[in-house]
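The values are calculated or read from the model by the stated rules, or taken from the named source; none is laboratory data. Remember, it's a predicted structure, so these values are computed and weren't measured experimentally. Glycine also receives a Cβ, built like all others from the backbone with ideal geometry; neighbour counts cover every protein chain displayed. Accessible surface is based on the protein model in full, side chains and every heavy atom, while ligands, DNA and RNA are left aside. Shrake-Rupley method; radii C 1.70, N 1.55, O 1.52, S 1.80 Å.
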Amino acid sequence: AKLAIARLQVDQHVANIIRQWAFAFLFMLLVILTLLYVKIPITAFAFLGGALAIGVGFGTQNLLKNVISGLLLLLEQPLRVGDVIEVDGIRGVVTTIGLRSSTIRDVSGVETLVPNSNLLEKNLTNWTYSSYDKRYSLRVAVAAGSDARRVKELLRELAGQHGRILKSPEPYVLLDDFSEHALAFLVYYWIEFGPAIDPATVASDLRLMIEKAFLEASIVRK
């Protein structure tokens, strides 16, 4: 795998899957050569193999489906090791893509084995398929009568000060709604989505920054 990555410039996740398929092929070849070496004709197992195939056919159906799905994952590459995906209510980072199943590690560090067929047959969301940049929004309401332009500019500046929020595209703020009691603003910002970044933590930090800035500026939040 390392040689393929270094000399052939193959992606690491592709090289790992190729390695697993190569090991499986070599194992089957070794079994056949062993039978031939001890002079046991393979045809002697034909009848037994046919009877066994009938008996375990239903049991191996899912196994074969998952193995074929693993091959399709290698060819189509709808996901790669390191991608953040969500399938069957499980969201996490793909850590391995095996012959039969793949491993997903969530934000709590829990690893779940997902059959490869589920990754192709279920509705799968790949949060990092083409880009790691994702847009989020935060709703903030202040008392009616507040200086809307001042509030809007302050919110934009605070979003730009957060270390996890991207400078490009830069954050922007819209006056979303207003009434006789409150002015509602939406703060839009982009973060680089990944296993080390929790969008909920970024939103929490931003709320704390806004709360502190509003107190200092005597802006009443609703």
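Some observations on this one:
- Rounded FRET efficiency, nearest 0.05, which uses the C-beta distance separating Leu113 from Arg150 and R0 of 45 Å: 0.25
- With R₀ fixed at 35 Å, the C-beta to C-beta distance from Phe27 to Leu124 puts the FRET efficiency at about 0.70.
- The solvent-accessible area of Arg105, taken with every protein chain present and a 1.4 Å probe, is close to 90 Å².
- Separation of the Leu186 and Ile68 label points, Cα + 7 Å toward Cβ, nm: 4.5 nm
- Here the accessible area is traced with a 1.4 Å probe on the protein chains. For region 77-222, carbon and sulfur cover 49 percent of it.
- Protein heavy-atom accessible surface, 1.4 Å probe, per residue over region 121-222: 62 Å².
- Taking a straight line from the alpha carbon of Lys134, these aspartates and glutamates sit under 20 Å away, with near neighbours fewer than eight places off in the same chain left out: Asp83, Glu86, Asp106, Glu157, Glu170, Glu192, Asp198, Asp205.
- Estimated translational D of region 103-222 in µm²/s (Stokes, Kirkwood radius over Cα pairs; 10 °C; 1.306 mPa s): 97 µm²/s
- In range of the label at Val220: residues from region 166-186 whose backbone nitrogen is under 12 Å from the point 7 Å along Cα→Cβ: 181-183
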